[in-house]
Amino acid sequence: MRVIEVRRFGGPEELVPVDRPDPEPGPGQVVVAVSAVDTLFVETQIRSGRGGEWFGVRPPYVPGDGVAGEVSAVGEGVDAAWTGRRVATRTPDGGYASHVVVPADGLLPVPYGLDLTDAAALLHDGVTGLGVFEAARVRSGEWVLVVAAAGGMGSLLVQLSKAAGAQVVAAARGKRKLDLARELGADVVVDYSEPEWTDRVREGADGRGPDVVFDGAGGEIGRVAVAVAADGARISAHGASSGGFAPIDTDEAARRGLTVRGIQDLQFGPEEYRRLAERAFDEAAAGRLRPVIGRTFPLERAADAHAAIEAREVLGKALLVC
Ligand SMILES: NC(=O)c1ccc[n+]([C@@H]2O[C@H](COP(=O)([O-])OP(=O)(O)OC[C@H]3O[C@@H](n4cnc5c(N)ncnc54)[C@H](OP(=O)(O)O)[C@@H]3O)[C@@H](O)[C@H]2O)c1
């Protein structure tokens, strides 16, 4: 089988294809022949050496934490009926691989009508996106600001907010991304690489600012996104792609009546993870939620995928395909 290894922390060129012996499932395990591998922005940060300690990662390692494919072998104690089934799964030992060995009790059947690529795209963004969306309790008629709105998770949050009857201000960088956000239903689009962009957010959101902020960028972008929110707003400060989470003054937040949730509120236990993933799959299979897959790359070209993600070129998500 083929896997992609990070030999040492560094640039995308450190992602190197290597051959390994075909895996055998142990008791309670299955082998999945992988069709599509999820990739995440945070994986580029870890590969570059930022956050490796926080995530407990040391090279050499196989990156990635989620795949979709077909069960090709089952181990002792596993129902043989799994063989040949379309599944998605987290991959604790790395997912950038043509085959993975995973515990059978973590398998998520991929419903009829959902592509394996779409299932892979939803494994993280669908779960986290639904998690933050449910917690924010978005109501019909409210104004929602989605920051990094054309990213993997942001593109889902725009759709979920519209489906709940909210009005959406989508903030992202560049025309292609703003066009995508409009296509997904955003009522107002704002380019946050332009100065005073939050003035346009406030104007767009009835002149008083959004009731809910989903911050998928963090840093200074996140700080001003929180500042423009209406008093009493619910904030999800989960984003750190700009280099760190949004700095939020807790006294100021309390004075303004803001409810703030952060990355620490996004740790889902196995049952909750399964519920959210199944909901994301069902919504997508029914055509109510569309994961945006901007680019796919052959597994061997994982380095090109990371380069494209880092260059912020990708609309929605990049996936690796086998
Ligand atoms: N996916 C998950 O399950 C998960 C879980 C926990 C936390 N998060 C956080 O949630 C956010 C969204 O996650 P995602 O995986 O869906 O990522 P993503 O939105 O697909 O990619 C990150 C986006 O951040 C924006 N960005 C803003 N400033 C940036 C900068 N200085 N450098 C690079 N990018 C910058 C870029 O959009 P523009 O080009 O439009 O600026 C980029 O496309 C991320 O901040 C991530 O850390 C995600």
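The values are calculated or read from the model by the stated rules, or taken from the named source; none is laboratory data. Source: prediction; values computed, not measured. Don't worry about glycine lacking a Cβ; one is built from the backbone with ideal geometry, like all the others, and counts go over all protein chains shown.
A few comments on the model shown:
- Which listed residue is more than 20 Å from GLY151 (Cβ to Cβ) and touching a residue at least 60 places away in the same chain (Cβ under 8 Å), from GLY209, GLY222, GLY232, GLY239: GLY209
- Answer residue from the stretch 172-197, given it is crowded, with 24+ Cβ neighbours inside 10 Å, under 18 Å from GLU313 (Cβ atoms) and of a type in the set (Gly, Ala, Ser) and is nearest to the ligand (Cβ to nearest atom) among those: ALA172
To keep it simple, each residue is scored yes or no on (1) within 16 Å of the ligand (Cβ to nearest atom); (2) assigned to a helix (DSSP H, G or I); (3) touching a Pro at 6+ places or on another chain (Cβ under 9 Å).
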site	(1), (2), (3)
PRO17	no, no, no
PRO23	no, no, no
VAL30	no, no, yes
VAL34	no, no, no
VAL37	yes, no, no
VAL42	yes, yes, no
GLN45	yes, yes, no
PHE55	yes, no, no
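- Check on LEU122, buried (at least 24 other Cβ atoms within 10 Å of the Cβ), in a strand (DSSP E or B), modelled with pLDDT of 95 or more and in contact with a Phe, Trp or Tyr (Cβ under 9 Å, 6 or more places away or on another chain): no
- Screening PRO63 against (1) surrounded by 21 or more Cβ atoms within 10 Å (Cβ to Cβ); (2) more than 16 Å from the ligand (Cβ to nearest atom); (3) under 22 Å from the mean Cα position of the chain (by Cα) leaves a single unmet condition, (2).
- Condition broken by GLY165, with the remaining ones in (1) assigned to a loop (DSSP other than H, G, I, E, B); (2) surrounded by 19 or more Cβ atoms within 10 Å (Cβ to Cβ) satisfied: (2)
- Those helices (runs of 4 or more DSSP H) lying entirely in the stretch 210-322 with at least 1 residues surrounded by fewer than 18 Cβ atoms within 10 Å (Cβ to Cβ) and not assigned by TED's automatic domain parsing to the domain that holds GLU70: 219-227, 250-256, 270-285
- Per-region count, the stretch 246-273, residues over 22 Å from PHE55 (Cα atoms) and in contact with a Leu (Cβ under 9 Å, 6 or more places away or on another chain): 2
- Note on the stretch 142-171: residues that are on the phi > 0 side of the Ramachandran plot and within 9 Å of the ligand (Cβ to nearest atom) amount to 1.
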